[in-house]
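One structure is given here, and the rest of the page talks about it.
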Amino acid sequence: QVRLVESGGGLVQAGGSLRLSCTASGIIFSINFMGWYRQAPGKQRELVAVIRSGGGTNYGDSVKGRFTISRGNAKNTVYLQMNSLKSEDTAVYYCVVDQGLGPNWGQGTQVTVSS
C-alpha cells in the first residue's frame, strides 16, 4: 500500500518562504511522476508542480518563478521550495505519486500566508 508522508506546512507572512517535503513508501513500480497539487477553499484542486521520472518538471502558471520542485537521491522524496509567498498561495497542499496505476494522494498539509 502506497503511503505519502508530507511535512513542512505552516503559517508564514507574505513574502516569506516555506519548504514542503513528501516521502513515499510502499512503491512497487517505477515512479512516473511525483509532485504537489493544492486546493484552496471553494476552489478546484490545481497543479503546483510535478517532477517526472526523467527529471522534467511542470509548474502551475501562478507559481512559476517562485516555487521549485526537486527530489532526493532515492527518488521517492520530493521537495517544494516556495519563495515570495502570496496570500493567494494559501491552500492545502497535497503530495501525489503515480506509478502508472493512477495517482496516490497524501492527506495534505496546510499552508497559510498572512498578508
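The values are calculated or read from the model by the stated rules, or taken from the named source; none is laboratory data. In this text the structure is predicted, and so the values were computed from the model without any measurement. When we count neighbours, we look across all protein chains shown, and the Cβ atoms used for this are built from the backbone with ideal geometry, even at glycine. In case anyone asks, the SASA skips ligands and DNA or RNA and just uses the protein heavy atoms, side chains included. Shrake-Rupley method; radii C 1.70, N 1.55, O 1.52, S 1.80 Å.
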Based on what the data block shows, is Gly10 small (Gly, Ala, Ser) and surrounded by 15 or more Cβ atoms within 10 Å (Cβ to Cβ)?
no
If I go through the stretch 82-109 residue by residue, how many of them are open to solvent by 60 Å² or more (accessible area, probe 1.4 Å), part of a strand (DSSP E or B) and either closer than 18 Å to Ser62 by Cα or without any contact (Cβ under 8 Å) to a residue 60 or more places away in the chain (or both)?
1
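Kindly evaluate Arg38 against the criterion of being charged (D, E, K, R) and either open to solvent by 60 Å² or more (accessible area, probe 1.4 Å) or more than 11 Å from Tyr93 (Cβ to Cβ) (or both).
Numbers: charged (D, E, K, R): yes; either open to solvent by 60 Å² or more (accessible area, probe 1.4 Å) or more than 11 Å from Tyr93 (Cβ to Cβ) (or both): no.
When the stated conditions are applied, Arg38 does not pass them.
I'd like to check which strands (runs of 3 or more DSSP E) are fully inside the stretch 1-72 and have at least 3 residues that are more than 17 Å from Pro103 (Cα to Cα).
On the way: elements: 3-7, 10-13, 18-25, 33-39, 46-52, 57-59, 67-71.
Those strands (runs of 3 or more DSSP E) span 10-13, 18-25, 67-71.
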Filtering the stretch 46-73 down to residues that are of a type in the set (S, T, N, Q), modelled with pLDDT of 95 or more and out of contact with any helix residue (DSSP H, G or I) (no Cβ under 9 Å at 6 or more places or on another chain), which residue is nearest to Leu18 (Cα to Cα)?
Thr68
